[in-house]
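Below is one structure, written out as structure tokens, with a few remarks after it.
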Amino acid sequence: MTPFTLDQTLGDVLDDADGRSILVRELGDMVDSPMVEVLRPEPLDKVLAMVESMMSPNALARLKEELIAK
């Protein structure tokens, strides 16, 4: 998996098998929501800000670390 940047889109992450796997592990069924299709062109930083209130601080930090810090 290539590390992602906050400027890349949610679609970029979903189209990458490893990226999608991380999202499914951390967000569960939310990844299959119809809203995700609407958000595909949005930058990752915007999407992460939107899900921030739906996740624990630890889960959000882990998600960011796995997607971006590698």
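The values are calculated or read from the model by the stated rules, or taken from the named source; none is laboratory data. Only a predicted model underlies this, so the values are computations on that prediction, with no experimental measurement involved. Cβ atoms come from the backbone with ideal geometry, glycine included; neighbour counts cover every protein chain shown. Please note that ligands, DNA and RNA were not included when accessible areas were found on the heavy atoms of the full protein model with its side chains. Shrake-Rupley method; radii C 1.70, N 1.55, O 1.52, S 1.80 Å.
What the table below lists for this structure:
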item	result
5 angstrom amide H check on Thr9, placed H, neighbours 5+ away	Leu44
Kyte-Doolittle mean at least 1.6, axial Cα span of 24 Å or more - DSSP H helices of the chain	none
Förster radius 22 Å - calculated FRET efficiency between Asp29 and Met50 (Cβ-Cβ, nearest 0.05)	0.85
Of Val47, Val24, Val38, the one that fluctuates the most in a GNM where the chain has Cα springs shorter than 10 Å	Val38
Charge dipole magnitude, Cβ of K and R +1, D and E -1 - the stretch 22-69, Cα centre, debye nearest 20	80 debye
Accessible solvent surface per residue of the chain, calculated while the other protein chains remain in place, 1.4 angstrom probe, Å²	61 Å²
Extent along principal axes [Cα atoms of the chain; Å; largest to smallest]	27, 25, 19
